[in-house]
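Working notes, beginning with the structure itself.
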Amino acid sequence: MSAPSKFKGPAGGWAALAASAKHLVASGNVLGGAKTLLDLNQPDAFDCPGCAWGDPKHTSSFEFCENGVKAVAWEATSKRCGPEVFARHSVTWLMAQDEYTLESFGRLTHPMVYNPATDHYEPITWDDAFKLIAAELNALSSPDEALFYTSGRTSNEAAFLWQLFVREFGTNNLPDCSNMCHEASGVALGESIGIGKGTVLLEDIKLADAIFIFGQNPGTNHPRMLGDLREAAERGAKIVTINPLKERGLERFAHPKSPKDMLIGGVAITHLYLQPQIGGDLALLKGMMKLIIEAGALDTDFIATHTHGFEALKADLAKESWDRITTQSGLTREEITHAAQIYMNAERVICTWAMGLTQHKSAVETIQQIINLLLLRGNIGRPGTGPCPVRGHSNVQGDRTMGITELPRPEFLDSLKRVFGFEPPRRPGVNTVEAIKAMHEGKAKVLLAMGGNFAAASPDSNLTWAALRALNLTVHVSTKLNRSHIVHGRKALILPALGRTEIDVQKTGRQAITVEDSMSMVHASQGMNIPASTELRSEPWIISGIAQATHPDSPIPWAAFRDDYRLIRDKIEAVFADFENFNDRIGRAGGFWLGNSAADRRWKTATGKANFIATPLPAETEREAAQKRTAARVFTLMTFRAHDQYNTTVYALNDRYRGIEGRRRVVFMHPDDMAALGFVENEPLDIATVHADNRVRVAPAFAVVPYDIPRGCIGAYFPETNVLVPLDSHGPRSGTPTNKSIPVTLRKSS
Ligand code: SF4
């Protein structure tokens, strides 16, 4: 007996309008916020600082979703977190506040420096801030003692300058938020099809006959995608959802722009909803492929012409037993057969996925099975087909394209040398998990972060926070106060940046930045609002200031780049051939497509073909292995966002679609598991990790609520549960922490 969510309405609909209005009112800037929304995702205006779902060619006046409203209202708030707030509240007091309270102070207004004598942040000038940073960086015995983190909101121009400064400084220590989200997608796709990006365009969604959605909750994380799925469902495309959790957005959606939907309560989205065990996708995919090959439903010409490794895959699948497939997937053979049938009956198939696939140990292998599935019937490189990893941050894909990576390609470094005349470092840098390890071991001494909330987003919070506090210096370029400013190094700076919605004027006039979405579309973004403070600076301005202070004799024209972003784009064009005529092309409405070799069936792989890559199912699951370490019943915990949340930013304490209001410390559990363990609804439970290092990791006092989730699986929100994710529990090939599969036990809170 499952427990459906208490929320009965469709996703979107009147509730989304009401929630949007509520967030606008809460921002204290209704008129300003509403005016800003009319510019959101418009060709000559600014790109939503939310997720990376694509923008349609022909935008309507209301080209945004409820979460776009929250992101804009949050940035356009009238609240200010100025020197007076820091004077009133010590860091120790701020540390006791939750994420929502910290960000609710509003927009940062001044550069601030931490004063250990008073335990308060105090104002500092920009020049003094840059001098302090330069002094600490230049005092290091090796450039590799410094870490330079990047969040996916950073624009292409800022990301390009950031990596340029870091490499001129002499290191590849460029951990970024992608390490914790879609890294596995990049690794898997790179090996399978020769490029670490999806091949799907928005237009393809309009042509697909079947769309398989793995480990993704678009209703909260990419809401405008629901509009495209609704259209597909309406025209008869079969949507298959694979997700342990019943997500309302994938069940029913009412498009606020459709009077019919608003009247009748929306349309059904998913045709077949499969709820596998957490991590059961690999077994499901192997079961589907086993059936498809047995049925002979293959594109043999495509396989013969474009692929490598088919026979090895066929042999591997033939060996796989149905018993293991159904046990590890948690699905019946009938359910798997139904999914395979839908796949075989479709002429054009798209597969999309997000963190529900990437934050697992076997993420790379699982994503490669999706590619195997698509290759079986040539569903890559023709209209209406292909792989589509949907990115959660508006420019996380662009940052990687700009060179934000700890493992740069030799040809990229050669281009950098050719264009800028210096020899960039060629030894690998560190990703996010390795960066935390380096801090923990005292090998790293300084952290500079371009946006984001490193302390809250990272795994193993207690270990990570201790490591951060041991650093000589932490510097965060941010728009709002967050945990990372409070969990700081011996010296600490907060540098307030312009937001995406704000006007950026430099010496040569108003500036535009660019971003790249999940569909490899690059377009311009220009803020429309008066900045929240005269002391705010743009990210390129800040990077240029840090670079000039650190390398006063640098031959790189940092000041010129600061004053005119077109010059940055000229250099991007010089380094990356795909950005030819960059400044011209971003002048077109909607920008341009960067192209994708796999979409053209040009396979830049080791074999020169698209690779079938076989992988056996594990002998035992993570949970089975963990169960051998304890007598207590082990569950698999998946962590996720609430509906009023964007990454670690908490807009409010509600999660409408899951029926949660005014709280966040809740754990979702199957009612039969609750009954079996004698738990009653809302009873507080402590969640404890079961891990080989036997370190104590406990998240206390989570109220248990019954939910439609498979037995043996439970769910809870991050960042509150990041304390449970062991630092060394990550994808061996991606380095991505396993936030979606943590073996844990539960006990009643004392
Ligand atoms: S779908 Fe994503 S990018 Fe689009 S408006 Fe919503 S949050 Fe912003």
Review point. Going by the conditions given, is K79 more than 21 Å from L495 (Cα to Cα) and away from the ligand (no atom under 13 Å from the Cβ)?
Key: no
Point to revise | First in region 103-118 and among the basic types (K, R), second anywhere and outside any loop (DSSP other than H, G, I, E, B), Cβ under 8 Å, 6 or more apart | key: R107/E75; R107/R80; R107/C81; R107/K480; R107/P496
Practice item. Of all residues in region 50-63, count the ones that are near the ligand (Cβ under 8 Å from one of its atoms) and surrounded by fewer than 24 Cβ atoms within 10 Å (Cβ to Cβ). Key: 2
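Let's see how each residue does on (1) surrounded by fewer than 24 Cβ atoms within 10 Å (Cβ to Cβ); (2) closer than 30 Å to R711 by Cβ:
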| site | (1), (2) |
| --- | --- |
| E191 | yes, no |
| N221 | no, yes |
| I239 | yes, yes |
| A268 | yes, yes |
Practice item. Given the conditions (1) open to solvent by 20 Å² or more (accessible area, probe 1.4 Å); (2) not assigned by TED's automatic domain parsing to the domain that holds G591, report the number of the one that F46 does not fulfil. Key: (1)
Practice item. Filter region 278-303 down to the residues that are surrounded by fewer than 24 Cβ atoms within 10 Å (Cβ to Cβ) and outside any helix (DSSP H, G or I), then identify the one that is farthest from the chain's Cα centre (by Cα). Key: G296
Study note, to complete from the structure: Over region 423-442, the set of residues in a loop (DSSP other than H, G, I, E, B) and surrounded by 15 or more Cβ atoms within 10 Å (Cβ to Cβ) is P424, P425, G429, V430, N431
**Study point:** The listed residue being within 16 Å of the ligand (Cβ to nearest atom) and out of contact with any helix residue (DSSP H, G or I) (no Cβ under 8 Å at 6 or more places or on another chain), out of L38, L31
**Key:** L38
Exercise for review: Just give me the residues in region 180-202 being in a helix (DSSP H, G or I) and under 24 Å from A614 (Cα atoms), in sequence order.
Suggested key: E183, A184, S185, G186, V187, A188, L189, G190, E191, S192, I193
Exercise for review: Just need a number here: residues in region 313-328 that are among the acidic types (D, E) and part of a helix (DSSP H, G or I).
Suggested key: 2
Review point. So which residues in region 701-733 are out of contact with any His (no Cβ under 9 Å at 6 or more places or on another chain) and open to solvent by 10 Å² or more (accessible area, probe 1.4 Å)?
Key: A701, A703, F718, P719, E720, V723, H730, P732, R733
Review point. Can you name every residue in region 174-231 that is within 16 Å of the ligand (Cβ to nearest atom), of a type in the set (G, A, S) and more than 17 Å from the chain's Cα centre (by Cα)?
Key: G227
Review point. Given the residues L416, L448, which is the only one that is hydrophobic (A, V, I, L, M, F, W, C) and surrounded by fewer than 24 Cβ atoms within 10 Å (Cβ to Cβ)?
Key: L416
Check your understanding: Could you give every pair whose Cβ atoms fall below 7 Å, whose first residue belongs to region 658-683 and is in a helix (DSSP H, G or I), and whose second residue is open to solvent by 70 Å² or more (accessible area, probe 1.4 Å) and of a type outside the set (S, T, Y), counting only separations of at least 6 or pairs across chains?
Key -> P671/M1; D672/M1; D672/R711; D673/R711; L677/R633
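Listed here are the residues, each with its yes/no results for (1) of a type in the set (K, R); (2) crowded, with 21+ Cβ neighbours inside 10 Å.
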residue: A547; (1), (2): no, yes
residue: P552; (1), (2): no, no
residue: A559; (1), (2): no, no
residue: R566; (1), (2): yes, no
residue: D570; (1), (2): no, no
residue: D578; (1), (2): no, no
residue: N581; (1), (2): no, no
residue: R585; (1), (2): yes, no
residue: A589; (1), (2): no, no
Point to revise | Those residues of region 66-88 which are open to solvent by 30 Å² or more (accessible area, probe 1.4 Å) and more than 21 Å from R537 (Cα to Cα), in sequence order | key: A87, R88
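The values are calculated or read from the model by the stated rules, or taken from the named source; none is laboratory data. Small disclaimer: the values here were computed from a predicted structure and weren't measured. Because the Cβ atoms are built from the backbone with ideal geometry, glycine has one as well, and the counts that use them run over all protein chains shown. SASA here: full protein model, heavy atoms, side chains in, ligands and nucleic acids out. Shrake-Rupley method; radii C 1.70, N 1.55, O 1.52, S 1.80 Å.
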